[in-house]
Amino acid sequence: MPTPDSGPISFNDLNAALGKSSSTTISLASASLGYYTSINVNSIDRPDGSAPYSMTEWYGYNENAIATTIFNISSATAIDLNEACALVIDTSLYHNGLNASPDIGDYVFMDAEGNETFNGGQSYYKIDGNLLLGIDNTGEILAKEGCRG
């Protein structure tokens with residue numbers, strides 16, 4: 001569970017983020033340096049690992065964040081490939097694949113940390129490169145094809 005984005009942060013919050021029990025005594029410096037567990041570098045918000053150490057460096061830290069890549073996609077959908085080729089690319093989403101462009105088997109997310117999967121509604125979307133993606137309700141990319149003609 002991510003730490004709070006604002007307000008007070010307690011050592012219990014840090015313990016939870018680090019996978020420790022609430023009764024564990026920890027040092028703020030040791031936590032910030034990743035001595036208890038590695039700091040998740042995929043979390044947009046994370047401690048910088050340098051003195052002076054501060055509880056506010058932990059605002060919004062997400063120990064479960066995943067690596068994602070931003071890409072451009074149409075917000076409108078189509079039910080067939082021919083219709084999808086006419087869509088306008090007008091928004092950005094994120095995928096968890098290894099390449100710049102999403103591929104079959106990758107998942108699409110609404111946010112850069114991969115917290116919220118994109119519900120593709122079993123529809124086709126257009127992306128950069130005149131390509132089309134078929135995305136299911138769980139955000140998984142099931143098809144990738146180029147526009148014809």
Failed item, numbered, when I39 is tested on (1) aliphatic (A, V, I, L, M); (2) farther than 30 Å from L18 by Cα; (3) in the same structural domain as P2 (by TED's automatic domain parsing): (2)
Could you give every pair whose Cβ atoms fall below 7 Å, whose first residue belongs to segment 1-14 and is in contact (Cβ under 8 Å) with a residue 60 or more places away in the chain, and whose second residue is aromatic (F, W, Y) and crowded, with 16+ Cβ neighbours inside 10 Å, counting only separations of at least 6 or pairs across chains? P2/Y61
State whether one or more residues within segment 95-103 are assigned by TED's automatic domain parsing to the domain that holds N130, closer than 20 Å to R46 by Cα and acidic (D, E). no
Could you check segment 51-69 and list, in sequence order, the residues that are among the β-branched types (V, I, T) and surrounded by fewer than 20 Cβ atoms within 10 Å (Cβ to Cβ)? T56, I66, T69
Applying the selection to segment 113-149, what residues are free of Cβ contacts under 8 Å to residues at least 60 places away in the same chain and basic (K, R)? K126, K144
Return the total of residues in segment 1-19 being assigned to a loop (DSSP other than H, G, I, E, B) and within 17 Å of A65 (Cα to Cα). 7
When restricted to Y94, Y125, the only residue in contact with a Ser or Thr (Cβ under 9 Å, 6 or more places away or on another chain) and closer than 23 Å to N82 by Cβ is Y125
Inside segment 16-39, can you point out the residues that are among the aliphatic types (A, V, I, L, M) and either buried (at least 16 other Cβ atoms within 10 Å of the Cβ) or over 19 Å from Y59 (Cβ atoms) (or both)? A16, A17, L18, L28, A31, I39
Residues that are touching a residue at least 24 places away in the same chain (Cβ under 8 Å) and within 20 Å of the chain's Cα centre (by Cα), drawn from segment 64-81: N64, A65, I66, A67, T68, T69, I70, F71, N72, I73, S74
Somewhere in segment 2-15, is a residue closer than 21 Å to E113 by Cα, surrounded by 16 or more Cβ atoms within 10 Å (Cβ to Cβ) and at pLDDT below 90? yes
If I ask for residues that are assigned to a helix (DSSP H, G or I) and touching a residue at least 12 places away in the same chain (Cβ under 8 Å), which ones from segment 20-63 would you list? L28, A29, A31, S32, M55, T56, E57, W58
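The values are calculated or read from the model by the stated rules, or taken from the named source; none is laboratory data. These figures come from a predicted structure and were not determined experimentally. Backbone-built Cβ (ideal geometry, glycine too); neighbour counts: all protein chains shown.
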